[in-house]
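Remarks on the structure that follows.
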Amino acid sequence: MSNVHLSDKTATPAVPQAKSFLIRAGAVRWPLLATTALLLLAVAAPFQLVPFHTFQLAMAMIYAVTLLGLNLLVGHTGQISLGHGAFFAIGAYTAAIAIQHGDLPYLATIPIAAAVTFALGFALGVPALRLRGLYLALVTLAIAIFVVPLLKRFDGLTGGSMGLTVGKPVPPAWTGLAEDQWLYFLALVTTVASFALVAGMLRSRVGRALHAVRDNEIAAEVLGVNLAHYKTLAFAWSALLAGIAGCVYTWVIAFVSPDSFAVTLSITLLAGLVVGGLGTTWGPLLGGLFVMFVPSLAQDVNQAAPGVIFGLLIIAVMYLAPRGLAGLATQATHWLGHRVRKGKNHAH
């Protein structure tokens, strides 16, 4: 009898350990399954949608890459920026000029746009080291304001107020894809690669340093974090992602004009990121969908005042989901998981 008693006693601790293992396995499995399902839906989408809706989804992914860079700066580093549309415009114009005047292949324009915007973002990050809060916001806003007249001034290079028109990338014959489908997959590959790059960065020592800067600069400096290095790095990488998104924008639209990159674009991008969810993984993607689809839906509701409806929708989302749509989705997932576990306990 004593042997049986001892074996029961030693087997008991294995039960909570098994439960803990299953919980950890489920926590890893569900995000992976959700990401896989989302990728499968994204791959199947252009074959099920009409060309215009395929174009809209491609644009939403382009905005998502732009917001991914803005989220790296604002959400993960805590540096405010109201000039992100300027880097988006510079990336778009760099690609258009390289194609129009340099006759370069389309894929060659991505590293060029990335290098140009990275250098400009790094240059902006140096003076931004002495600024924070409202002052930093005003400086970045000033950049978004003067980029448009600057683009109009050099009309020999940028086309001035008339802009530049370029051809769209032609799908290779072996793909069997239509033009809108090929452009969609170019945007999809760029989006997946950008999200994977940022996810890897945030899991590394760089990501931990950026979060330390965001949470408490003094404590981060005491722990040995080089504030100047990581702040300028955040600006540079943020601008690089915006430049890449602007490059793909040129491919999809095949036209760039200064009026397409007005200061309202930078404000809309920041609003889209806040609505999607600052500092979250899926916030940029949800924000990209919001930036793309909500203004068009608002215009369908009332063509006389789409801006008013757009603003009211932002207020409504912020009231119902202060942590953004990504935070709301996380809360809903936790609530659903709690209800499922509660139901299983009652069943036993």
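The values are calculated or read from the model by the stated rules, or taken from the named source; none is laboratory data. It should be emphasised that the depicted structure is a prediction, and the values quoted were computed from it without experimental measurement. Here the Cβ positions follow ideal geometry from the backbone for every residue, glycine too, while neighbour counts run over all protein chains shown. Note: areas computed on protein heavy atoms with side chains; ligands, DNA, RNA excluded. Shrake-Rupley method; radii C 1.70, N 1.55, O 1.52, S 1.80 Å.
Cβ-Cβ contacts under 7 Å between residues 6 or more apart (or on different chains), taken from a first residue in the stretch 90-104 that is under 11 Å from TYR249 (Cα atoms) and modelled with pLDDT of 95 or more to a second residue that is of a type in the set (S, T, N, Q) and open to solvent by 20 Å² or more (accessible area, probe 1.4 Å), are absent.
In the stretch 230-237 there is at least one residue matching the filter, namely being aliphatic (A, V, I, L, M) and within 29 Å of ALA58 (Cβ to Cβ). Out of all the residues in the stretch 136-143, is one or more part of a helix (DSSP H, G or I), hydrophobic (A, V, I, L, M, F, W, C) and exposed (fewer than 12 other Cβ atoms within 10 Å of the Cβ)? No, there is no match, as no residue in the stretch 136-143 is part of a helix (DSSP H, G or I), hydrophobic (A, V, I, L, M, F, W, C) and exposed (fewer than 12 other Cβ atoms within 10 Å of the Cβ). Touching a residue at least 24 places away in the same chain (Cβ under 8 Å), within 17 Å of GLY167 (Cα to Cα), of a type in the set (Val, Ile, Thr) and in a helix (DSSP H, G or I): is that true of ILE62 in this structure? Spelling it out, it is not the case that ILE62 is touching a residue at least 24 places away in the same chain (Cβ under 8 Å), within 17 Å of GLY167 (Cα to Cα), of a type in the set (Val, Ile, Thr) and in a helix (DSSP H, G or I). The number of residues in the stretch 150-167 being open to solvent by 70 Å² or more (accessible area, probe 1.4 Å) and under 27 Å from the mean Cα position of the chain (by Cα) comes to 2. If you take the residues in the stretch 212-230 that are touching a helix residue (DSSP H, G or I) at 6+ places or on another chain (Cβ under 6 Å) and touching a residue at least 12 places away in the same chain (Cβ under 8 Å), which one is nearest to ILE110 (Cα to Cα)? This residue is TYR230. Scanning the stretch 120-143 for residues that are farther than 24 Å from THR264 by Cβ and free of Cβ contacts under 8 Å to residues at least 40 places away in the same chain yields ALA123, PRO127, ARG130.
Tell me whether the stretch 99-114 contains one or more residues that are assigned to a helix (DSSP H, G or I), in contact with a Lys or Arg (Cβ under 7 Å, 6 or more places away or on another chain) and surrounded by 13 or more Cβ atoms within 10 Å (Cβ to Cβ).
No.
Here VAL213, VAL170, VAL126, VAL147 are screened, and the one residue that is assigned to a helix (DSSP H, G or I), open to solvent by 40 Å² or more (accessible area, probe 1.4 Å) and in contact with a Phe, Trp or Tyr (Cβ under 9 Å, 6 or more places away or on another chain) is VAL126.
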